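Everything below concerns the one structure shown next.
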Amino acid sequence: MWERSSRSMLLVWVVVLLLTTILSSVGPTNSKLGWGSDAHLSSSSNVGLATSYSNHANEEAGWIVKWKAGSSPDPAIVSNSSVLSVQETMNISVMKPAEGMELKQWMKLLHASPAVQYVEPNQQVQTLAAHVEPNDQYYNRQYYLKQTGVDQAWNYLHSENKAMNSSNLTVALIDTGVDLEHPDLKPNLTKGINLLHDGLPKDDNGHGTSVAGVIAAVGNNFKGIAGVSWNTKVMPIKALDSRGYGDEDKLGAGILYAVDNGAKIVVMSVGLYRYSKYMQDIVDYAEQKGVLLIAATGNDAMKLEDRAAVKYPAAYPTVLAVGGVTPLNRVEARSNRGAEVDIVAPWHVYTTALGGGTREQEGTSMAAPQVAGVAALLWNKHPELKPYQIRDHLRMTAEDVEDAGWDSASGYGLLRAERAVQEPIKREAGADNTTKNKAVIFPIDTSRSGYIDDNGRSDWYRVDVPYDGTLQLKLERIVGNGTVEIRHEHEQTQRVRHYSGVSRSVNLPVKKGKQFIRIRQEQATVGQPFAYKISSRFVIYEDPFEPNDEQYKAHMLPARNQQIVGTFSHTRDADWYRIQLDTKSTLKLKVTTTTARIDPLITMKSTEWKESQFFDETREGETETVILEGLNPGRYDIKVQNAVTSRSEPASGLYKMEVEILPQYSDPNEPNNKMYEAVSIVPEYDYSAVIHASEDADWFQFNVTQPVYASLSISQIPQERKMDVSLQTKRQEKLVGARNERGQTKLVTGTKLEPGTYYIQVKSDAAFSHQPYKLRLELDKRTATSTASAGNGMSSESNFLNAKLPNLDADEEMTLQSSQVEAPSSIMTRADRLRLWFVFLNWLW
């Protein structure tokens, strides 16, 4: 046993000796300066000395200078150096050239000094850990970083010794400003601007501070959180006020400031539903200047359902549109859908908060900055890329979470940071689409790039359009010469059109459904490929009532109930209609829309009125309803327009106007507007009436000769009206009353009455005469008798079943006396006895 142990130990020593010999023989040959036999720097080691060290050393970290044993630091060297630190035990100084001293000259001093034993560059060291684990206080609450593979991206970049330091790249944030003193943000903030008023871009809302933290909160600082790209610089641009609102021109000015002041990425967690040529020009300018724009799609999908659309600026073709997903990688129900969606990122985040703290936040506003952070990591690794290449690469490296490929809910899928930084950049965005059956989806109102070699190859795309209209294609050449041929065919009609000699743009008339588009280079130069960018904009068809933009061109409608389906197909489109009423009527208009990009505004004019009447009570995508009572015979003109802006552009959606003409009902009970004009009524009869004016009140009266229970009901209430009914005494003392909610068409109330005269008052929040309401009075003598016996004003059965037992103290004897629960005067049934037992047992319990 001892011999076996001795042999094992001997073997270990041999291995150690062998490894030591090998390591000494392959050690770094350039790690220190060579020395001659006379202990001075040899001439061979002096060749290219300064150049060598300037290429391999961190000049700020300095050089390690070892002084010879028994020697003190050379005063000539110390006087021309900046001493960073001293290790007296080892007789070592860490130094660098003094300010104004050239590195080459300083190295010559070291070379000539007899006190110097050796010099080494102060190299940077790093941990041998296999992954990056930030030490930030709340890093473990940032689940979204793992969900999108940001942690894996950090590990990869760390192992490659690349791009973790993105300090040379600036992300502009157009928002409510940023907390400029936040300890987790301040080191990464650069100069910004306040576009609302003089002063710094300070955050007075908190939204901008939260967005900034997602992008670039300082990492590994033992506090707060870690941003996706935690060394990236953030340029705060305040364009929104303390409520989170701002004007479109401020948004445009913010983009221009960012582009002209060195930002490479602009994040906009803001949005609105209107297209603007002004903003389109600003977005195009940013693209031309090599700046990537990223924006949130919006959070209205649950509220507006199918009418929700991607908000602008996210909906512009060259802006990367970002939606949101849940922690389970399902598209969030509130995240807006649409053809313009490019990618999705986590909806829920934990980020920086106004005042120096942290907080939970949610929305596509928090998804967009995650994409910006990953774009910063990618761009820092590949600084040669253009904005369209960053967009395409992030799309192509996304993970499918809904349908395979692209879909309107998740775009190309979930942001995957590790794929983005690891996978090679492709020269074109997509798979092999050289034939029609391999056509790739090209959503409307988006952009993408393509590459065609010189062997006659073609690129095929499939475009799905929601309505008939025009597809405007804009082509931009990146590499190559000559012109392009475009072939367009509709899947159902099989109609094919060819467009030759295309150099910049072309308009394709399209029918609803799938379109196939082929792009092929004409007269290609041998050996010269063709690379291009293509973007699209869809414009909806012109409705059949055009031209009707002016009142004198109003389209005549018959005086009957009908539905009109219209579109807004050109700039400042407004649709006029005319109706001729032959009899006194009520006119009811209801305008609905298929998209939030339309906010219906109704204007009405008549020779009967001195002024126009305007109706715009709701917001984008919501229904607008107009009821005009008691219209006299005559001509009435109706204008329907899109109120999203004073200069509206075409909107990809429809509006539907329902026209209802109702006869004018008269009220046989009038005049009964005052209590002394009250109309006498009898029970068990339906009385019909209308409200001619908002201040109108209908009064009714009835007599009671013995105790009764009186029930009042109002039915056939118009859905858009709220009505009040009250029962009063002669002295106008209110005994009971009721009011319906809008949409409820009936209300009921009642109470016990003693003999006397009583009055009923009926009112409405607005006039109506197109539909009579019905009033009914019922008097129940038996109920009144039973109620008197029960003593709480309820019906006999409900009072019996809900009778209250007396409160007993703990020390009182719990006995049930007949006086405590009285039966109704009617005959007790088996069901009544069972209910009584239930009450008794419940009391015992």
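Readers should treat all values here as calculations from the given coordinates under stated rules, not as data from a laboratory. Everything numeric in this text was worked out from a predicted model, so none of it was measured. No Cβ is skipped: glycine too gets one built from the backbone with ideal geometry, and neighbour counts run over all protein chains shown.
If I model a spin label at HIS498 and ASP724 as a point 7 Å from the Cα along the Cα→Cβ vector, what separation in nanometres do I get?
In this crude spin-label approximation the distance works out to 7.7 nm.
Can you compute the FRET efficiency between ARG560 and ASN261 using 1/(1 + (r/R0)^6), with r the Cβ-Cβ distance and R0 = 51 Å? Round to the nearest 0.05.
0.25
Show me 178-187, 78-87 ranked by packing, highest mean number of other Cβ atoms within 10 Å first. Walk me through the intermediate numbers first.
Values: 178-187: 20.6, 78-87: 14.3.
Going from most to least packed, we get 178-187, 78-87.
Which loop-located GluC sites (Glu not before Pro) does the stretch 584-683 contain, where loop means any DSSP state but H, G, I, E or B and the Cβ has at most 13 other Cβ atoms within 10 Å?
Numbers: sites: GLU608, GLU611, GLU617, GLU620, GLU622, GLU624, GLU629, GLU658, GLU660, GLU677; in loops: GLU608, GLU611, GLU617, GLU620, GLU622.
The qualifying sites are GLU608, GLU611, GLU617.
Any chance you could tell me what percent of the C-alpha pair distances in the stretch 620-746 go past 26 Å?
So the pairs more than 26 Å apart make up 43 percent of the total in the stretch 620-746.
Suppose R0 equals 41 Å; then what is the FRET efficiency for HIS197 and GLU485 from their Cβ-Cβ distance, rounded to the nearest 0.05?
It comes out at approximately 0.15.
Just the number, please: Stokes-Einstein D of the stretch 305-365 in µm²/s, Kirkwood Rh from C-alpha pairs, 4 °C, 1.567 mPa s.
103
Given the pairs LYS264/LYS311; LYS186/LYS233; LYS289/LYS386; LYS590/LYS746, which span a C-alpha to C-alpha distance of over 18 angstrom in this model?
Result: LYS264/LYS311; LYS590/LYS746 exceed 18 Å.
Can you sort MET268, MET556 from fewest to most other Cβ atoms within 10 Å of each residue's own Cβ?
Ordered from fewest to most neighbouring Cβ atoms within 10 Å, MET268, MET556 come out as MET556, MET268.
Can you spot the aspartates and glutamates whose alpha carbon is less than 16 Å from LYS588's alpha carbon? Ignore those fewer than 8 places along the same chain.
Partners within reach: ASP616, GLU617, GLU624, GLU629, ASP637, GLU658, GLU660, GLU720.
Return the Rg/Rh ratio of the stretch 337-426 with Cα-based radii and a Kirkwood Rh. Walk me through the numbers on the way to the answer.
On the way: Rg = 14.1 Å, Rh = 13.9 Å.
Result for the stretch 337-426 is an Rg/Rh of 1.01.
Among ASP306, ASP464, ASP599, rank each residue by its count of other Cβ atoms within 10 Å, from fewest to most, as a rough exposure measure.
Working: ASP306 11, ASP464 15, ASP599 22.
With the fewest neighbours first, ASP306, ASP464, ASP599 line up as ASP306, ASP464, ASP599.
Using a Debye calculation, one point per C-alpha and no hydration shell, please list log10 I(q)/I(0) for the stretch 232-280 at q = 0.23, 0.29 Å⁻¹ in order.
Ignoring solvent entirely, the Cα scatterers give -0.95, -1.30.
Could you run the Debye sum over the Cα atoms of the stretch 675-785, one equal point scatterer each and no solvent, and tell me log10 of I(q)/I(0) at q = 0.10, 0.20, 0.21, 0.23 Å⁻¹, two decimals?
Result of the Debye calculation: -0.27, -1.04, -1.13, -1.33.
Once the stretch 556-656 is represented by equal point scatterers at the alpha-carbon sites, with solvent omitted, what log10 I(q)/I(0) does the Debye formula produce at q = 0.16, 0.19 Å⁻¹?
Evaluating at q = 0.16, 0.19 Å⁻¹ gives log10 I(q)/I(0) of -0.68, -0.93.
What are the ³J(HN,Hα) values, in whole Hz, obtained from phi via the Karplus relation 6.51 cos²θ - 1.76 cosθ + 1.60 with θ = phi - 60°, for each residue of the stretch 589-598 in sequence order, with x given for Gly and Pro?
Karplus values, whole Hz, x for Gly and Pro: 10, 9, 10, 10, 9, 8, 8, 6, 7, 10.
Using a basic spin-label model with each label point 7 Å from the Cα along Cα→Cβ, how many nm lie between GLU733 and SER159?
Placing both labels 7 Å beyond Cα along the Cβ direction yields 8.8 nm.
Rank by packing, highest mean first: peptides 685-691, 457-463, with packing defined as the count of other Cβ atoms within 10 Å averaged across residues.
Most protected by this proxy first, the peptides run 457-463, 685-691.
Give me the extension gain from HIS382 to LYS511: residue separation times 0.36 nm, minus the current Cα-Cα distance, reported in nm with one decimal.
Details: separation 129, 0.36 × 129 = 46.44 nm, distance 4.14 nm.
The span from HIS382 to LYS511 would gain 42.3 nm if fully extended.
Above 21 Å lies some portion of the pair distances; for the stretch 489-556, what is it as a whole percent of all C-alpha pairs? Numbers along the way, then the final one.
On the way: 1145 of 2278 pairs.
When all Cα pairs of the stretch 489-556 are counted, 50 percent exceed 21 Å.
Place +1 on the Cβ of every Lys and Arg and -1 on the Cβ of every Asp and Glu in the stretch 675-785, take the dipole about the Cα centre, and give the residue among LEU779, TRP699, SER713 whose Cα lies farthest towards its positive end.
Most positive-ward Cα: LEU779.
Estimate the FRET efficiency between LEU180 and ARG141 by the formula 1/(1 + (r/R0)^6), using the beta-carbon distance for r and 25 Å for R0, to the nearest 0.05.
The formula returns an efficiency of 0.55 here.
Give the share of C-alpha pairs in each 5 angstrom bin for the stretch 395-471, from 0 to the last occupied bin, in whole percents, shortest bins first.
Each 5 Å bin holds this share of Cα pairs: 3, 13, 20, 23, 20, 13, 6, 2, 0.
Can you give the convex hull volume of the alpha carbon atoms of the stretch 436-540 per residue, in Å³?
Roughly 84 Å³ of hull volume per residue.
Starting from the 7 Å offset along Cα-to-Cβ, what nm value, one decimal, do you get for the label separation of ARG742 and LYS553?
Roughly 3.5 nm, to one decimal.
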